[in-house]
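Notes to accompany the following structure.
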Amino acid sequence: MSNYLAVNKANWNDRAPLHAASADYSVGAFTADPNFLSSVVRFDLPLLGDIRGLRGVHLQCHIGTDTVSLSRLGARMTGLDFSPAALVEARQLAASAATTMSTSSRPMSTK
């Protein structure tokens, strides 16, 4: 059972480039439209209120689509993920979308 973290991390490392290339994540729309928001953030908009100027940390940010979206709404965002491959995709998305956000890799902990 002690290997489950490594197996899970490898799984998400493998998925990150596939998800970034998938139409389901709309990565190209972030570059093409500076007002584009992820479907998750669009769904949550009525509950979010005004987040301009707030600082946020997005745990398990994966390839960064929601993190970029929150940044576009004016929050100063940091995306955290344990998958280095996901963070590579998130940084590329932020750069191509001309969005400022920071990212950080953190190990998962069961404690």
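The number of residues in the stretch 1-22 being under 15 Å from P84 (Cβ atoms) and either among the hydrophobic types (A, V, I, L, M, F, W, C) or touching a helix residue (DSSP H, G or I) at 6+ places or on another chain (Cβ under 7 Å) (or both) comes to 9. Picking from residues in the stretch 1-30 that are surrounded by fewer than 15 Cβ atoms within 10 Å (Cβ to Cβ) and polar (S, T, N, Q), the one that is farthest from S69 (Cα to Cα) is S2. For the stretch 31-51, a residue qualifies if it is within 13 Å of L73 (Cβ to Cβ), among the acidic types (D, E) and either at pLDDT below 95 or surrounded by 10 or more Cβ atoms within 10 Å (Cβ to Cβ) (or both), and exactly one does: D44. Scanning for something in contact (Cβ under 8 Å) with a residue 60 or more places away in the chain, in contact with a Ser or Thr (Cβ under 9 Å, 6 or more places away or on another chain) and not acidic (D, E), does the stretch 68-82 turn up at least one residue? Looking through the stretch 68-82, at least one residue is in contact (Cβ under 8 Å) with a residue 60 or more places away in the chain, in contact with a Ser or Thr (Cβ under 9 Å, 6 or more places away or on another chain) and not acidic (D, E). Set side by side, the residues P46, P34 differ, and just one is farther than 20 Å from L87 by Cα and touching a residue at least 60 places away in the same chain (Cβ under 8 Å), which is P34.
Test S109 against the criterion of being small (G, A, S), modelled with pLDDT under 95 and touching a strand residue (DSSP E or B) at 6+ places or on another chain (Cβ under 9 Å), and give yes or no. No; evaluated as a whole, the condition is false for this residue.
Out of the residues in the stretch 14-62 meeting the condition of being polar (S, T, N, Q) and within 12 Å of the chain's Cα centre (by Cα), tell me which one is farthest from A90 (Cα to Cα). Out of the qualifying residues, it is S38.
The values are calculated or read from the model by the stated rules, or taken from the named source; none is laboratory data. Computed from a predicted structure; not experimentally measured. Positions of Cβ are backbone-derived with ideal geometry, glycine not excepted, and every protein chain shown enters the neighbour counts.
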